[in-house]
1. Working only within segment B:91-128, note down all residues that are at pLDDT below 80 and under 17 Å from residue B:276 (Cβ atoms).
2. Quick one: which of A:337, A:299 is outside the structural domain of residue A:168 (by TED's automatic domain parsing) and in a helix (DSSP H, G or I)?
3. Are any residues in segment A:230-270 farther than 30 Å from residue A:20 by Cβ and assigned to a loop (DSSP other than H, G, I, E, B), and if so, which ones?
4. Does residue B:162 qualify as being within 30 Å of residue B:31 (Cβ to Cβ) and touching a residue at least 40 places away in the same chain (Cβ under 8 Å)?
5. Using beta carbons and a limit of 8 Å, which pairs, at least six apart or on different chains, have the first residue in segment A:407-420 and within 14 Å of chain B (Cβ to nearest Cβ) and the second one in a loop (DSSP other than H, G, I, E, B)?
6. Hey, among A:466, A:437, A:431, which residue is within 12 Å of chain B (Cβ to nearest Cβ) and not in a loop (DSSP other than H, G, I, E, B)?
7. Suppose we keep only residues that are in a loop (DSSP other than H, G, I, E, B) and touching a Gly at 6+ places or on another chain (Cβ under 9 Å) within segment A:1-13. Which one would you say is nearest to the other protein chains (Cβ to nearest Cβ)?
8. How many of the residues making up segment B:5-28 are facing chain A (nearest Cβ under 9 Å), touching a residue at least 60 places away in the same chain (Cβ under 8 Å) and either of a type in the set (Phe, Trp, Tyr) or surrounded by fewer than 15 Cβ atoms within 10 Å (Cβ to Cβ) (or both)?
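The values are calculated or read from the model by the stated rules, or taken from the named source; none is laboratory data. All values derive from a computational prediction rather than experimental measurement. Positions of Cβ are generated from backbone atoms using ideal geometry, with glycine treated the same way; all protein chains shown enter the neighbour counts.
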Amino acid sequence: MLFNSIEFLVFFVIAVTLYFFIPHRFRWLFLLLASYYFYMCWNPVYIVLLLISTLIDYFAGLMMAKTGEKKRRRKYLIISLCSNLGLLFAFKYFNFFNGAFKVLLGTLNITYNIGALQVLLPVGISFYTFQTMSYALDVYRGEKKPERHFGIFALYVSFFPQLVAGPIERSTRLLPQFYNKIKFNYERTTDGLLLMLWGFFKKVVIADRVAAMVDQVYNNVYEYQGLTLIIATLLFAFQIYCDFSGYSDIAIGAARIMGFDLMTNFRTPYYAKSISEFWKRWHISLTSWFKDYLYISLGGNRVVKWRWYYNIMIVFVISGFWHGANWTFIIWGALNGFYLLFSIWTAGLREKIARFFHLDKLPDLRTIIKALITFALVCFAWIFFRANSLTEAFYVITHLFTGILSQETLAFVFSGLGFGVRGFLIALAAICLMETIQLVQQRRSIKEILEKKPAALRLAVYVGLIVCIIMLGKFSANQFIYFQF
Amino acid sequence: MKILFFTTWALLFLYSVFILLGGKIIPFGRMFIYEYKDEEVYPGGLYAMCKIDEFKQTETDYEKCRPDKNEELSSRPRFQIYEQRQSYSDAPKDLEGSDILMFGDSFLAGVRGLKIFIDKGGGVDTLKAYNASADGIAAAGENPLECLARVKYQKGGKKFLILETVERSSLDRGLRCADYQKYFDLKIFQQAIKYIFINDHIAYFFTDNIISHPLLRFINNTKFHYFKDIDTRIALYSENPNMLFYFQAVEFNKTPKAAEDLDMMARNIKFLSDQLEREYNIVLIYVILPNKYSIYSDFVEPDYVYDNFIPDINNRLIEKGVKVINIYTEYMTYRSNDDSKLLYFPSDTHYSPLGQDIFFNEIVGVITELNCTFDD
């Protein structure tokens, strides 16, 4: 069930209304059933995987708490991690390794006949697997007491607003919230609804509108060059941001209406002034997961330099691999790791260059230049993320400036990448509107600004946003990009 | 503000319950489906999706889709159609009572059966064709082997089976049709799961009920008028003549097909043909109905070159000894010779009365030929 579908809207309105009429002691059960229904609408059979993951971590948590012996605790942790990663491997990575192994043995003239698994990738498997692993790790480290109520734990794993694409919540934050007695709150509800509307705007007005243009170019890359490739890549940067942050806004808004606080997943990442800042603003729940459970476990930066650099690269490569079983994602992760290392190595040099050009006396200009360079680097890395294969990614890179302003290219660009000038202009206008609002939001919360305005004006803003979504949105029931991860 | 909020939420809740009931309980939903007025002759599935009035089919458009009246043929028809809603006392009622079985998807919807008149010099032989899909005996696109096993059809005298499939689904179905047995046992369970978790009817009921329909129509027309935005299920449209093209069909045509897949499909259809012959004494006649885009791509993309999927797969099947009806070639021949009328409804994915007429005439031709062969 996609957030941007009629069935979700029907499901959500009915579920939320009933939720507030149900006595507190039964709410966990209602939310659990609703969450399982939500997941099963995608593929009923794969609920089994969710249950397996839930059962393993529930019992692993209990067993770890039962024994004080570190060795035995570690044993239960390993069982939990291996089971979760095993499922992830079987459904997401087996075919990738199998294919790579086949190629490797083929070069050595060794016959290898194990075929590819014909299975669908279960939606959200990377998200809920990481969420349950964080629980097991927290219990192992003693940072969280095990959850004894199986139903509440199952709800933590499957809570529908964030089940399929995050934010990846920590047990320490989300689990206690299921015990809170939540009463209907008008302000919280309107706040949540506004956030959901904003998410829908990003998804259907920008991401889905731009998606057709990006797909047209990236699914036929060899037909294009120069400015077309540059514009398609820039549009993809906005597509993926609006798609994923739009999803997160809808998820956070939906949970907020029901009285739950989910963590912020995006903080205007394209305003970042460096790559390290970008990663503190982009997909925060995943970045912080890798930082807390992998980077710090490897020693973080409290090790010798080469080991620190190694830790950074490992985290980024694995983060890339988390996104998909494809070399394009691995290279994307590695490239981001390299950016970070390069920024560490050249910190002094960049400072000198800034002083040479007297940029230290023009901090605003320097900020803008830094943000633009960061955005350009991020966009360059997105080429690997979006391209269908490494060969296509290299084609895009080597043809970005070929015939950049040729007549044919310009004609294609001015035809809105083949989708009409009007559609293209609507997309650009919507992106500008979003950026303006985000710029304002950086200084002052839009919510606070609205709260001080007369009711009629607030109503006009809400209605205006709904009309914008309906009139300018593309209702194609396009999947969210991060569903595939 | 609070009163407005609670009133809106209450209305939304009631409307959501209404949509849920209409989408899940079909008889209830049918009571509230928007009905097109009489003057709108045949709105068409693609028009129903986009609801843009410019593409609504008028009486004049409908006339452009009818075959010319042939005085000679009307006095001596080659076939007679039993329409689904009409009751003919001599229409074949079941699989056993007919000479020809028809299995198909939506192209045959509305046709309960056919009576085929075969000229045999001295007299006329009449063969009765029964459309299993029209009576719900077979689900649209269902594998005939699966259906015949389910209804416990017994092997008897020789019969013909016309298996019709639309081009955009043909490769997928062709690749799966040899695995029919493994789907069979789970049918009831699968249907229950489908009813509970697949909510396609909810979206349909939302867009086509008497409350939403006028509103959506206004929105869609405004979006088209000002932004040229059209429902994303319409991949392409032409304005002279007004014609809509379904995205699945366009995508199918533009997707390169692997030679191994075509081989596999041909092998599977051959397997199906052999199994029908062996288990039921039935001769398979396979027909792929072309996508509208395969026939009329020149209206929207004159540079598009058809990948010859249908002729290609038909040639592979003929090589393997499977009987086929090559409608693609017939339609293209019509277009190159005449082209004064449309073979497909402009606002639908399906063929027009003219397209149907050509199809049924081809059936008669092939059946006549085969019938004589078997008689000999």
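1. Listed by number, the residues that qualify are B:95, B:96.
2. The unique qualifying residue is A:337.
3. A:267, A:268
4. In short, no.
5. A:420/B:228
6. Numbers: A:437 fails: within 12 Å of chain B (Cβ to nearest Cβ); A:431 fails: within 12 Å of chain B (Cβ to nearest Cβ).
Checking each option against the conditions leaves just A:466.
7. Within segment A:1-13, the subset in a loop (DSSP other than H, G, I, E, B) is A:1-5.
Checking the rest, the ones that are also touching a Gly at 6+ places or on another chain (Cβ under 9 Å) come to A:3-4.
Working: A:3: 14, A:4: 12 Å.
Looking at the filtered set, the residue picked out is A:4.
8. Looking only at that region, the number is 1.
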